[in-house]
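Asks: Dropping a structure here in structure tokens format, bear with me for questions.
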Amino acid sequence: MNPPAFEDKLHLAVGNLCDFQEEMERAGSATTPLPARINADPERVEQGLAKLVLTLIELLRQLMEKQALRRIEGGSLTSEEIERMGLTFLRLEAKMGELRAHFGLSEADLNLSLGPLGDLM
Amino acid sequence: MQSHYIYGVVESQRHPLAPDIRGLGGMPVYLIPWRTLAALVSDAPTEGYPADPAHATCHAAVVEAAMEGGPILPVRFGTLLGGTRRVISMLEEHSTAFEESLQRLRGRVEMGLKVLWEAGVAPPVEDHLPSDLDPSAGPGRRYLFQRLGEEQTSEAIRVRGEGLIQSIQTALDPLTEASTLRRFATPRLLLDAAYLVSRERLDMFCQGVERLEERGSGLRYLLSGPWPPYSFAHPLPSGAAMTLSDTQTPRWS
């Protein structure tokens, strides 16, 4: 029996096939939800917990930042208020960077699948 | 206990498979019928088969060969059922859903379409600050206005993408029976779609995609098929079958 000729299945391919393959692999790994269980390995439990906590903080930070952007767009804030909020967010982001570095986590580690809303990042 | 490896659910009255079609492990592929339905199976060891390209290709070849002789509800690679009685009770239990799905898929095939665009990966604009921003603005205001600009840019890109997807759908919808769309799966993968197309309209559908390509809106298309309608067949209900885990340890759910 001959294996099916998969080349015959290709009707139209514009550009390099590898580009499509790369994106499909990326799409497959992009939507990893929170792990089904937390790794309770004593060596790594601290990092696992830090990841969970920092992810939640990052979610709240982004929600608050979006809220602030909406209020700026709405024009309900004075320049001083914007400046004060901006400084807070700026420092919070810097602090998050320090904490991530401390626990050896990258920005992508704090991603979260929000179901139908897509990914956090 | 003897296990059955299942390729799909078909109608019991159908064109026979070509005799040279062999299943996994070189085993003969045959039907276990129950009334109008039948399971397309081959005998298998209880530990199943490792998930490697050779086995996956063999699975695909059997499903594709079966597709030529009538509608099939393809089952994904790696599904084992127990003895003959277990297979029959599975057919019996879900007979209504299987019959409806086979009816719906008769004479229809699945076509896959992937669309890449480069707008999603355009280099980020460094400076989003509005031109009328007070030059004396402090770091806090600069930060928030920068974020606002970034957000507006990505929103504009998303709206443009939605418009492109909409125009693809408008062109292809009249040529298809059903579709599943995944939008913006990655910044570059604008659309990952599967279409259910009747065989008579297959050429028209392919020409429709070619016309889209000729519009030349900077999109790159990958059109493939005809495939068995994996995206449009109801999967085996959970509990009906055992799926091999990566470790090859059989577990009955």
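Asks: What's the exposure ranking of B:C206, B:C58, going from fewest to most Cβ atoms within 10 Å?
Replies: The order, fewest Cβ neighbours first, is B:C206, B:C58.
Asks: Give me the one-decimal nm value for the distance between modelled label points at B:R106 and A:K9, 7 Å along each residue's Cα-to-Cβ direction.
Replies: 2.6
Asks: Would you calculate the separation in nanometres between label points at A:E25 and A:L112, each defined as 7 Å from the Cα along the Cα-to-beta-carbon direction?
Replies: Simple spin-label model gives 3.0 nm for this pair.
Asks: Sort A:D19, B:D134 so that the residue with the fewest other Cβ atoms within 10 Å of its own Cβ comes first and the one with the most comes last.
Replies: Least crowded to most crowded, the residues run B:D134, A:D19.
Asks: Can you tell me, using C-alpha contacts under 8 Å and at least 6 residues apart, the relative contact order of the range B:109-229 as a whole percent?
Replies: It comes to 49 percent, rounded to a whole number.
Asks: With a sphere of radius 9 Å drawn around the Cβ of A:E23, what net charge do the other residues whose Cβ falls strictly inside it have (Lys, Arg +1; Asp, Glu -1)?
Replies: Summing Lys/Arg as +1 and Asp/Glu as -1 gives -1.
Asks: Can you put A:K95, A:K9 in order, fewest other beta carbons within 10 Å first?
Replies: In order of increasing Cβ crowding within 10 Å: A:K95, A:K9.
Asks: Determine the dipole magnitude for the range A:44-111: charges of +1 sit on the beta-carbon of Lys and Arg, -1 on that of Asp and Glu, nothing else is charged, the reference point is the Cα centre, and the result goes in debye to the nearest 20.
Replies: Dipole size: approximately 160 debye.
Asks: Output the 0 to 90 degree angle, nearest 10, between the alpha-carbon long axis of helix B:84-93 and the longest principal axis computed from the alpha carbons of chain B.
Replies: In chain B, helix B:84-93 runs at an angle near 50 degrees to the longest axis.
Asks: Using a Förster radius of 41 Å, what is the FRET efficiency between A:Q47 and A:R70 based on their Cβ-Cβ separation? Nearest 0.05, please.
Replies: In this case the efficiency is close to 0.75.
Asks: I would also like to ask the following. Between B:S217 and B:D134, how high is the FRET efficiency from 1/(1 + (r/R0)^6) when r is the Cβ-Cβ distance and R₀ = 45 Å? Nearest 0.05.
Replies: 0.70
Asks: Next up: With the dipole of chain B worked out from charges on the C-beta (+1 for Lys and Arg, -1 for Asp and Glu) around the Cα centre, which of B:L189, B:A60, B:Q152 lies farthest toward the positive end?
Replies: Final value for the positive-end residue is B:A60.
Asks: log10 I(q)/I(0), Debye, Cα-only the range A:44-111, no solvent, q = 0.24 Å⁻¹?
Replies: Once normalised to I(0) and log-transformed, intensities are -0.99.
Asks: Compute the FRET efficiency between B:E177 and B:D43 as 1/(1 + (r/R0)^6), taking r as their Cβ-Cβ distance and R0 = 35 Å, and round to the nearest 0.05.
Replies: Approximately 0.50, to the nearest 0.05.
Asks: Now for a separate question. At what distance in nm do the modelled label points of A:L17 and B:D203 sit from each other, each positioned 7 Å from its Cα along Cα→Cβ?
Replies: 2.6
Asks: Right, next: For the range B:1-62 and the range B:174-191, what is the separation of their C-alpha centers, rounded to whole Å?
Replies: 31
Asks: Separate question: If you stretched the chain out fully between B:Q13 and B:E99, how much longer would it get, using 0.36 nm times the residue separation minus the C-alpha to C-alpha distance?
Replies: 29.7 nm
Asks: Next question. For helix B:53-67, what angle does its Cα long axis make with the longest principal axis of chain B, in degrees from 0 to 90 and rounded to 10?
Replies: 70
Computed from the coordinates by the stated procedures, all read-outs in this text should not be read as laboratory data. Note that the structure is a prediction, hence the values are computed from the model and not measured. Don't worry about glycine lacking a Cβ; one is built from the backbone with ideal geometry, like all the others, and counts go over all protein chains shown.
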